[in-house]
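Input: a single structure, listed below in structure tokens.
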Amino acid sequence: MINDLTTFDSGSYQLRVDGWTNRFMFTPKTIVSVKALSQKPKVMIPPLTEGQQATLTCTAPGFCSGSPPKITWMWERKDEIDEINIPGSITASLKTENQSAVTQRHSSTLTFNPSAKHHKMNLTCLVSVSDNITTKETVTLNVTLFSKILKGSGCVLHTEVLSCVCISEGSPLPSITWPLLKYHTEYSIINTVSNHTVNSTLTVTNPGNISVECISSNKNWAVKENLAVYEHLLEEVNHVKQSGSGYKVLPWVVAGVSLSVNVFCMIYMWHLWNTQKKVKPTEDDKTYMSLQKPDISPEYDVIVQRPH
């Protein structure tokens, strides 16, 4: 039995018997050729659902009769590889299964609660047989994320045109519907997708009843929300300032308000500059003033007369 087999164990082997008085060497020989480890560990992943505890299993390749291998779980996050070591939320344990009287199979289980941060994350199981013999397997996690409507969703009503945006996150990618549209024919919808987020922008002409509902759904899960409707852009900004709740204003609302304020300031400054500009009177102006002068009443002269 050769434990912890390495490539250095390659060679010719034959049986030798040492007796009390003599030694006997058997002629038949056997050749042992040890190749480098090419097998990878096997990673078993059950269906992953957001918020539901899951257990992953990594099994070391081959049957071992010597020292148990070291099994390490690592994840790749933000171009960095970190060894998973988060007590309480993630636990890993090593298990040994006896295959026979002398061989064993080693595996490690990883238990955690999947969330949005684990979706599309690369998870690696690294098996170290010795200091210089390692093998690994990398898999990509796919987590089913319930659809949800994010902050930043809302509507603005301006001159009989209603503009709404509904931002939803989920995996599989959710679909967004607007129940309001069954009562209208003049509308447009623009959907944009980024990773597992959908941004749906709705524009309705003459909306009438301005109660707006957004429905986001994927698989067997759906969520709906009544969106806040603001009749003026400035009211939207004032509402945010007074609430102090950290509500994220729609980016296009902020851009519109900023543009309006800048244009108003430019017009006001131009008006002040023109009113303060000194213009030399023309001959027509002088004639007009001289013709009006005799019309001043004597009472006015008394009022403006200064005491000596």
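Nothing in this text is a laboratory measurement; each read-out follows from the coordinates by a stated rule. The model shown is predicted, which means the values in this text are computed figures rather than measured ones. Cβ atoms come from the backbone with ideal geometry, glycine included; neighbour counts cover every protein chain shown.
So what's the projected area for the range 146-231, the Cα convex hull averaged over all directions, in nm²?
Values: hull surface 20.8 nm².
In nm², the orientation-averaged hull projection of the range 146-231 is 5.2.
Could you list 27, 197, 96 in order of exposure, starting from the residue whose Cβ has the fewest other Cβ atoms within 10 Å? Numbers along the way, then the final one.
Working: 27 6, 197 15, 96 10.
With the fewest neighbours first, 27, 197, 96 line up as 27, 96, 197.
Considering lysine pairs in the range 146-231 that are 8 or more places apart or on different chains, how many have Cα atoms under 17 Å apart?
Here the count comes out as 4.
About the Cα centre, and with charges only on the beta carbon of Lys, Arg (+1) and Asp, Glu (-1), how big is the dipole of the range 146-231? Nearest 20 debye, please. Don't skip to the answer; put the middle values down first.
Numbers: 5 positive and 6 negative charges, 70 e Å.
Using only the charged Cβ atoms, the result is roughly 340 debye.
Which of 145, 177, 110 sits closest to the plus end of the dipole of the range 97-190, meaning its Cα is farthest towards the positive end, when Lys and Arg get +1 and Asp and Glu get -1 on the C-beta?
The listed residue farthest towards the positive side: 110.
Roughly how large, in nm² to one decimal, is the mean projection of the convex hull of the alpha-carbon atoms in the range 12-78?
Numbers: hull surface 37.3 nm².
For the range 12-78, averaging the hull's shadow over all directions gives 9.3 nm².
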